[in-house]
Amino acid sequence: MQKKNKIIISVIVAIVVIFGGFYIYASHSVARHVPGHVYQYTSVSGNQNAYMTFAKSGDEVVVTPSKSKALKANNSDSDFQDVYQSNSNSGKWNYEAKGSRLTLSKTQDGKVSLWQYNHVLSYGKKIHSGSFTYQIANAGQGVDHKATNFKQIR
Amino acid sequence: MKFNYKKQLAAAFMTAVLAAPLMATTVATANNNASGSPEEQADITNWIANTPQQVSNNMAMQHIDMNNLNGTRYIIQWGDTLSSISAATGISVAKLCYDNNIQNANLIYAGDVLILNRDGDVPAGYVPNVNPYAVAQTKVTINNGPQNVKITVMPQKVVKTYNKYVDNSTTNNDNSTTNNAFTAPNDSSSSTTEGNGDQSDNSSEGSSEAKTSTKNTTTSSHSKKHSSSVTASDLVSGLEGAQDSDSKLSFEEGDGGDDAELVSVDSKAILKDAKKGDYDAALEEIEKGLGDKADKDATVYIELDDGDLSVYVSTNDDDSSSEDSNKDDDDNDSSSQDQDQDNDDDSNNQATNDNQDTDTNDDDNDF
């Protein structure tokens, strides 16, 4: 009986360690995952997509509704700069990934809007965010407790 | 009969309770044409410029015949820009602006109606002062949860621009300090008439007014939150904001010259309160030091030298002003005018810029 208890406790501890380790890894690896990749973002409503190409180095990111543009930006550094600059008329996008947070910023006409994705879990080709905090220029600020997803497409 | 009446009353009450949320939603939808819940409105996809193809799709959804754009009404969607609408319809940005009286504004609003008209020309020399790449904005402030949030992880490159934008969007209205950086322009909601073709003119005036007001800047609540040090200018505006409307005290920077006398105050406590943004407590400390003079018509001078705070006071000896209420009103008016002038004063603006630099450094450390 005692042996059985020990086995059960060992199994529980092993499960907790595995899942805990996975959670710690997944919640702190977004900064390693995103550079140099293209992600498809699915909106809160689930019916809109955006494509994000993160620069291989630096904090620039191409954010566009056009998949082809996003993929083109990922071809080479010069292509990235071409697309980034051509899109800069409608705002310059930057990002910062730290710990379990991923923040995207848009700067246009000296106004900055920010979307900070919180409780980010990054595993395989998927990034899952539990909520996001936003500060949108001349529009509003707050916290949305809605999950959003990013899927790596390249 | 009595039983039936009660039953009917209960049924009517229950129907009202059940229908109330539906009615409220209908009213809200009518007031705000920008569709979606706050969660959906704040979604990043709404703030990415639509491609012309997306605009065309949106127009198709609204059953707009692209071959017959003659005064056609199009409801502006999230992510639309004048540039993308122009590319989708073949109507120039200038023509769109002219037909819809969009002037002196960078904004179009999701939910507003845009008149699409291929016919007619734009008068020679008509050059609209707009940014055609600006994404459609909202007239209603999007808020979910807390009124003020803090972004803890921010790209280093935008920190300075962010701080500058937030600081420049702060206005001092009478006794309160408000920040319009993340608030929809207030004037636009009341000045817009949907679908009459000149709504954008009104809303553009509203937004330009909002922009003008942001230029009268002194200090920001944001800078107070993040700053580890407080300047004399911060203190003056904070204290002015904290005092009651009937208070006769006025605050200025400096030592007040020979006429002013030093006030014994707990400077550490005042600075501590100011750093926390608690100017009510700071004002209380100063009034404690002023004693009877706190009720008199006096000017309090704030001097901050290398972190050492000195408070001076200079009372206005004109007794008639305290006895004559009309005279008091005049004094108050003139002091408020002085404040307005201070706001426009270049030197004060320069001080604000200095504050911004300090705050930026502080925030750099935070991030």
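So what's the gap between the Cα centers of region B:257-279 and region A:1-54, to the nearest angstrom?
First find each Cα centre; the distance between them is then 52 Å.
Give me a comma-separated list of calculated 3J(HN,Hα) values for region B:44-54, in order, Karplus coefficients 6.51, -1.76, 1.60 applied at θ = phi - 60°, integers in Hz, x for any Gly or Pro.
Computed from phi, the couplings for region B:44-54 are 4, 4, 6, 10, 9, 4, 5, 7, x, 4, 5 Hz.
Measure nothing fancy, just the Cα-based angle from helix A:77-87's long axis to the longest principal axis of chain A, in degrees from 0 to 90, nearest 10.
It is inclined by approximately 60 degrees.
So for A:D77, B:D234, B:D308, fewest C-beta neighbours within 10 Å to most, what's the order?
On the way: A:D77 13, B:D234 26, B:D308 10.
Ascending Cβ contact count within 10 Å gives the list B:D308, A:D77, B:D234.
For A:I127, B:I91, A:I18, what's the fewest-to-most ordering of other Cβ within 10 Å of each Cβ? Mind showing how you got there, number by number?
Working: A:I127 25, B:I91 20, A:I18 10.
Fewest-to-most ranking of A:I127, B:I91, A:I18: A:I18, B:I91, A:I127.
Roughly what angle does helix A:2-26 make with the longest principal axis of chain A, taking Cα atoms, 0 to 90 degrees, to the nearest 10?
Result, in degrees: 10.
Using the structure shown, list the pairs from B:K248/B:K272; A:K56/A:K151; B:K139/B:K272 with a Cα-Cα distance above 27 Å, or answer none.
Result: B:K139/B:K272 exceed 27 Å.
Please give the peptides B:160-167, B:141-148, A:10-17, B:112-119 ranked by average Cβ packing (other Cβ atoms within 10 Å per residue), highest first, as a rough proxy for protection. Intermediate results must be reported in sequence, preceding the final value.
Details: B:160-167: 21.8, B:141-148: 16.8, A:10-17: 10.0, B:112-119: 20.2.
Top to bottom by mean Cβ count within 10 Å: B:160-167, B:112-119, B:141-148, A:10-17.
What is the fewest-to-most order of B:T81, B:T72 by other Cβ atoms lying within 10 Å of their Cβ?
Sorted ascending by nearby Cβ count, the order is B:T72, B:T81.
Read the figures in this text as sums done on the coordinates, not as results from a lab. Everything numeric in this text was worked out from a predicted model, so none of it was measured. Note that we place each Cβ from the backbone using ideal geometry, even for glycine, and neighbour counts take in every protein chain shown.
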